[in-house]
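Here is the structure we will look at.
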Amino acid sequence: MSKDKRVVVTGMGVISSVGNDVQTYWNSLVNGVCGIDFITEFPTDKLPVKIGGKVKDFHPEQYGMDKPFIRKQDRYTVYGVAAAYQAVAESGLKASGEEQNIDPFRFGVYVGSGIGGFETQVRETSKIIEDPSGQWVSPLFIPTMISNIAAGQIAIAHHAQGPCIDVVTACATSTNCIGEAYRAIKHGYADAIIAGGCENATIPLGIAGFANAKALSRAEDPKYASLPFNANRGGFVMGDGAAMLVLEEYEHAVARGAKIYAEMVGYGNTCDAYHATAPRPDGTTQAKCIEIALEEAGFDAAKDNLYINAHGTGTKLNDAAETNAYKIALGEYAYKAHISSIKSMTGHMLGAAGAAEAIATVMAIREGIVPPTINLDCPDPECDLDYTPNTAVKSDITIGISDSFGFGGHDGCIAFRKFSE
């Protein structure tokens, strides 16, 4: 049996409510900038929730897309293509042309979306309701709405002819995409994979659905609405965007002189098998997911300085269960770990959240800074760990994990280490 390969991060890209490139995004997180605001893209006067983490100042033409392409695609795909464009450009990988430096059949795409082309689905559904003959439904409806099309369009853009997978596990989607991509490279099935997620669900139907499921915050102040681990929390705030990482086999990256952000070293994947929407309250299945990732990563409580980028949605059930999970997985070390939820600033990006949070985790390791959980002015006594309230903290982090827990009980956890040769 061949030896397992090392996997490193050589490129990253992001589109979010707090920045449309990695450096702007990271600076916003470190400085506690909240991207949640009143929604202006459509009327909200009759909706129960009027706030969200919408993408701002986004110009898709900057990311290699022409106007016909932009016009024909659902916004979730456009976000995904833009984030992938950034990540691949930074990695320096080219699967075609004179500067080709990777075998296209060894270059993959693992990109998912929790919901897919939501806006497209609503628009085309309204057409058939108005005219049941269906004659006005766009011939592009299906290939624009399906959740795998972002992965397909990214593969087309970068001539990636290797494995192309769309994982759909609700809010754990992009964490699972990154984890499965890691395994594919680790076990020799690819040399590099673009991995992440994209979402554009903050539309009227999305708001109505989540609000009626009692999942959304009804806060009227957008800057004090997403409140992870806060006793005043009342639900999550929806957010849109995309995030992508280029994972690459270590020797392949070194051979071409690639910049290396961090090394990916672990992945856990379990299921609550408990409830369609609620997390398992005792945190046991979530803890197992974290334990698996940390064991594979070689976590040593006596030597490592751990950062945890929490799922931290700001729902009553998640935050308490997640706290339990950390205590079960880490024991007494849970009180030493640095933990924070960037959803307090970005909102919940659903299928893109895990990848956005993976980027924050990699940057925290690289820069030695723990981003804060903003607005944590009234900690829930049940959430009594160090959730880095309000202000970033400098710390020499050696290992970082990012966990995600989705509807359906999907649990994912990915681990990164500070890179050393």
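Rule-based calculations on the coordinates, nothing more; no lab input. On a predicted model such as this, the values are computed, not experimentally measured, just so you know. Glycine also receives a Cβ, built like all others from the backbone with ideal geometry; neighbour counts cover every protein chain displayed.
If you bin all the Cα-Cα distances of segment 135-253 at 5 Å, starting from zero, the percentages per bin are 2, 9, 15, 17, 15, 12, 11, 10, 7, 2, 0.
Need one number: % antiparallel among DSSP beta bridges in the chain, to the nearest 5.
Details: 41 of 60 bridges.
Bridges in the chain that DSSP calls antiparallel: roughly 70 percent.
Segment 138-200 and segment 1-75 have Cα centres separated by 17 Å.
For segment 196-286, what ratio Rg/Rh do Cα atoms give with a Kirkwood hydrodynamic radius?
Values: Rg = 18.9 Å, Rh = 17.2 Å.
For segment 196-286, the value is 1.10.
For the chain, what does the helix formula give at 222 nm: sum of -39500 (n - 2.57) over DSSP H segments with n ≥ 4, over the residue count, nearest 500 deg cm²/dmol? Present the calculation step by step, with values, prior to reporting the outcome.
Numbers: 13 runs with 137 residues, N = 421.
So the calculated ellipticity at 222 nm is -9500 deg cm²/dmol.
Each peptide in 180-190, 97-107, 242-252, 315-325 receives the mean, over its residues, of other Cβ atoms within 10 Å, and ordering these scores from highest gives 242-252, 315-325, 180-190, 97-107. Scaled to the globular estimate 2.2 N^0.38 Å, the Cα spread of segment 1-72, given as radius of gyration, is 1.61.
With the convex hull drawn over the C-alpha atoms of the chain, the volume per residue is 139 Å³.
Computed from the Kirkwood radius of its Cα pairs, the Stokes-Einstein diffusion coefficient for segment 127-172 at 25 °C and 0.890 mPa s stands at 190 µm²/s.
Candidate cross-link partners of residue 5 among the lysines, defined by an alpha-carbon separation under 29 Å and a same-chain spacing of 8 or more, comprise 94, 186, 259, 288, 303, 418. Shape analysis of segment 328-421 yields a ratio of the Cα radius of gyration to the Kirkwood radius, Rg/Rh, of 0.95.
Partner lysines whose Cα lies under 18 Å from the Cα of residue 54, excluding those fewer than 8 positions away in the same chain, are identified as 223, 343.
Scoring 344-352, 78-86, 136-144 by mean Cβ neighbours within 10 Å over their residues and listing the highest first yields 344-352, 78-86, 136-144. When all alpha carbon pairs of segment 1-159 are counted in 10 Å bins from zero, the resulting P(r) reads 9, 29, 34, 19, 8, 2, 0 %.
Here the scattering of segment 279-319 is modelled by Debye summation over its C-alpha atoms, one equal scatterer each and no solvent; at q = 0.14 Å⁻¹ the log10 of I(q)/I(0) is -0.41. Restricted to Cα atoms, segment 235-383 shows a radius of gyration and a Dmax of 16.1, 51 angstrom.
Using Stokes-Einstein with the Kirkwood hydrodynamic radius over Cα pairs, what translational diffusion coefficient do you get for segment 275-351 at 37 °C and a viscosity of 0.692 mPa s, in µm²/s rounded to a whole number? Numbers along the way, then the final one.
Numbers: Rh = 13.2 Å.
The estimated diffusion coefficient comes to 248 µm²/s.
Suppose we look only past 11 Å in the calculated P(r) of segment 369-421. What percent of the Cα-Cα pairs does that tail hold?
Working: 1077 of 1378 pairs.
Percent of Cα pairs beyond 11 Å in segment 369-421: 78.
Antiparallel DSSP bridges in segment 127-258: what percent, to the nearest 5? Antiparallel bridges make up about 90 percent of those DSSP assigns within segment 127-258.
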